[in-house]
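The values are calculated or read from the model by the stated rules, or taken from the named source; none is laboratory data. As the structure is a prediction and not an experimental result, all values here were calculated from the model. FYI the Cβ positions are ideal-geometry reconstructions off the backbone, even for glycines, and counts take in every protein chain you see. All accessible areas refer to the heavy atoms of the entire protein, side chains included, with ligands and DNA or RNA removed. Shrake-Rupley method; radii C 1.70, N 1.55, O 1.52, S 1.80 Å.
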Amino acid sequence: MAFPLRHLVFPEAHTAVRESGQGPTVVLLHGIGSGAASWLQVAQRLSGQARVVAWDAPGYGRSSPLAEARPRAESFARRLDHVLEALDIERCVLVGHSLGAMTALACATGQAASRIARVMLISPARGYGAAARQDIGEQVRAGRLSNLELHGVEAMAEERSHRLLSARASVTQLDWVRWNMARLNPAGYRQAVELLCGDDLLRFPPLAMPCEVHCGEDDGITQPGECQLIAGHLHARFSLIPRAGHASPIEQPEAVAERIASALKASLEGTRP
């Protein structure tokens, strides 16, 4: 199945998206070390029953970066608003993986909230913007940016990719994580690091629409306990994804696709999670 790339051109920016299938719409937001193509295996399992859209976030792939050097989640959400409008998406299930969860919540509480039927967060990254976490955030910022400057994207992908998967992941899955990470653009990655280190997921209130949180049971990046804390803050249902690390859409795409399909069905029926 193809998951073709297309480009949306706006007055001051452009955004690359991948799209396939027809039916109720799901919009997929990737994490800090990835891109739209990381959702390929999930899209393959959903496109027979849904319209699947995945973006390259600002500064990723062929998407132009944001204007701000240190953007907050609302800046990413404004770009996503333009994407939803350009693609005539009136209602969708919005799925945010890792740092993509920050954009998902900003979008679901912003001007495009009426377009969002349900929100699903997969291994959400809380961020380090809260006052009590800023010292850690400064260390994370310095470490990630130093690693980028000293070693470059390809070396970073080689060094970090295995951390996103469980010990039982296949060589093919590791290669796919590494390939996606090796395509990072330094400018976009720097802005995403600033989002991670300067914003806080817990500043968002519980949502007006249904929300659910999932986490790989072997996730060593956004660990299950922290994801469960986020779920509690959002009054959201929480569950573990068996046999998965942080990159569950790659390691367990069938399980992730099944949960998204259930969310799409519930959105059509108008039921809670």
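This table checks each residue for (1) hydrophobic (A, V, I, L, M, F, W, C); (2) out of contact with any Gly (no Cβ under 8 Å at 6 or more places or on another chain).
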| site | (1), (2) |
| --- | --- |
| Gln173 | no, yes |
| Ala187 | yes, no |
| Val193 | yes, yes |
| Leu196 | yes, no |
| Pro205 | no, yes |
| Asp219 | no, no |
| Pro253 | no, yes |
| Ala257 | yes, yes |
| Glu269 | no, yes |
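What are the residues in the range 195-213 that are outside any loop (DSSP other than H, G, I, E, B) and either surrounded by 21 or more Cβ atoms within 10 Å (Cβ to Cβ) or among the polar types (S, T, N, Q) (or both), if any?
Leu195, Leu196, Cys197, Leu201, Cys211, Glu212, Val213
Within the range 146-155, can one find any residue that is under 15 Å from Cys197 (Cα atoms) and either more than 21 Å from the chain's Cα centre (by Cα) or open to solvent by less than 40 Å² (accessible area, probe 1.4 Å) (or both)?
Yes.
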Query - Ala167, sole failed condition from (1) part of a helix (DSSP H, G or I); (2) over 13 Å from Leu121 (Cβ atoms); (3) in contact (Cβ under 8 Å) with a residue 24 or more places away in the chain; (4) open to solvent by 10 Å² or more (accessible area, probe 1.4 Å) - result: (1)
Query raised in the report: Within the bounds of the range 252-262, is there any residue that is crowded, with 16+ Cβ neighbours inside 10 Å, outside any helix (DSSP H, G or I) and in contact with a strand residue (DSSP E or B) (Cβ under 6 Å, 6 or more places away or on another chain)?
Result: yes
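Condition (residue is among the aromatic types (Phe, Trp, Tyr) and either farther than 24 Å from Ser38 by Cα or touching a strand residue (DSSP E or B) at 6+ places or on another chain (Cβ under 7 Å) (or both)) applied to the range 199-219: is it met by at least one residue?
Applying the first criterion (among the aromatic types (Phe, Trp, Tyr)) to the range 199-219 yields 204.
Going one step further and asking which of them are either farther than 24 Å from Ser38 by Cα or touching a strand residue (DSSP E or B) at 6+ places or on another chain (Cβ under 7 Å) (or both), we end up with 204.
Among the residues of the range 199-219, at least one is among the aromatic types (Phe, Trp, Tyr) and either farther than 24 Å from Ser38 by Cα or touching a strand residue (DSSP E or B) at 6+ places or on another chain (Cβ under 7 Å) (or both), which makes the answer yes.
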Report task. Look at Val9 and say whether it is under 26 Å from Ser262 (Cβ atoms), of a type in the set (A, V, I, L, M, F, W, C) and not in a loop (DSSP other than H, G, I, E, B). Result -> no
Requested in this report: Working only within the range 68-103, note down all residues that are hydrophobic (A, V, I, L, M, F, W, C) and in contact with a His (Cβ under 9 Å, 6 or more places away or on another chain).
Outcome: Leu99
Query raised in the report: Pick from the range 170-191 the residues that are touching a helix residue (DSSP H, G or I) at 6+ places or on another chain (Cβ under 9 Å) and under 23 Å from Ala69 (Cβ atoms): which of them is surrounded by the fewest Cβ atoms within 10 Å (Cβ to Cβ)?
Result: Pro186
Query raised in the report: Mind checking which residues of the range 1-35 are surrounded by fewer than 20 Cβ atoms within 10 Å (Cβ to Cβ) and either more than 17 Å from Leu87 (Cβ to Cβ) or free of Cβ contacts under 8 Å to residues at least 24 places away in the same chain (or both)?
Result: Met1, Ala2, Pro4, Arg6, Val9, Pro11, Glu12
Report summary line: Per the filter on the range 135-145, residues out of contact with any helix residue (DSSP H, G or I) (no Cβ under 8 Å at 6 or more places or on another chain) and either closer than 26 Å to Gly216 by Cα or surrounded by 14 or more Cβ atoms within 10 Å (Cβ to Cβ) (or both) are Ile136, Gln139, Gly143
Query raised in the report: Can you name the residue in the range 37-65 that is touching a Pro at 6+ places or on another chain (Cβ under 9 Å) and among the polar types (S, T, N, Q) and is also surrounded by the most Cβ atoms within 10 Å (Cβ to Cβ) among such residues?
Result: Ser38
